[in-house]
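As structure tokens, the structure follows; a few thoughts come after it.
The values are calculated or read from the model by the stated rules, or taken from the named source; none is laboratory data. Note that the structure is a prediction, hence the values are computed from the model and not measured. Glycine also receives a Cβ, built like all others from the backbone with ideal geometry; neighbour counts cover every protein chain displayed.
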Amino acid sequence: MLSEATLGYLSTLTYRADARRQVCWWPLKGIYWDDELPHIHCLTEIPAQDRAQILWLFGIRVRIWKGETLPEEDQQFWDATESQVAGWAFFQRRKVSANDQQDQEQVQRETSEALAALFADADQVRISEEDSIQSFSLVFDLTKEHSVPRENPWWKRIFRHRQAGQ
């Protein structure tokens, strides 16, 4: 479960009807509101284990928005956390508009495409998963010569895609 300090912090983040919707490609891979996390960088100030559990909650909520039945472990974690910090704005958004759902799916697609481009150019890729949180590390050998030049480096492909979509 979340530490007392993290629960205390989250309990200060109460629902505001005028909260601005935000987009986070990484690590949330989706939408959130600024009353749930005032700034995504706030996550870096939270202990790693708590941060992983918060990310897990955001992943669970996306599945709730899609109307999926949750595995028992996810449902228990959701219920236990909500009982400890029911006032957190995060728990007030169990349903989203069709527009929000469409934007969520778009962010997920774009994040997956960006990661696929990164992974394609990497010389080594390591992916692990713990508590429903995926982590990855990539190694790029910047000194090696490519026998077949790529169309564009990964970062140009990602930003070209983003500009075309705007």
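Structure values in brief
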{"item": "Glu36 at pLDDT 90 or above and buried (at least 16 other Cβ atoms within 10 Å of the Cβ)", "result": "yes"}
{"item": "Of residues in region 29-81 being basic (Lys, Arg) and in a helix (DSSP H, G or I), the one farthest from Leu10 (Cα to Cα)", "result": "Arg63"}
{"item": "Flag for Pro47 being surrounded by fewer than 14 Cβ atoms within 10 Å (Cβ to Cβ) and touching a residue at least 40 places away in the same chain (Cβ under 8 Å)", "result": "yes"}
{"item": "Test: residue in region 77-96 that is modelled with pLDDT of 95 or more, more than 30 Å from Leu2 (Cα to Cα) and surrounded by fewer than 17 Cβ atoms within 10 Å (Cβ to Cβ)", "result": "no"}
{"item": "Test result for Gln53, over 22 Å from Glu130 (Cα atoms) and among the polar types (S, T, N, Q)", "result": "no"}
{"item": "Residue that is modelled with the lowest pLDDT, among those in region 97-148 that are part of a loop (DSSP other than H, G, I, E, B), more than 30 Å from Asp50 (Cβ to Cβ) and among the aliphatic types (A, V, I, L, M)", "result": "Val148"}
{"item": "Pair list, Cβ under 9 Å, 6 or more apart: region 84-98 residue under 17 Å from Leu10 (Cα atoms) and assigned by TED's automatic domain parsing to the domain that holds Trp65, other residue polar (S, T, N, Q) and crowded, with 17+ Cβ neighbours inside 10 Å", "result": "Val85/Thr6; Trp88/Thr81; Phe91/Thr81"}
{"item": "Hits in region 2-21 (condition: surrounded by 13 or more Cβ atoms within 10 Å (Cβ to Cβ), of a type in the set (A, V, I, L, M, F, W, C) and out of contact with any strand residue (DSSP E or B) (no Cβ under 8 Å at 6 or more places or on another chain))", "result": "Leu2, Leu7"}
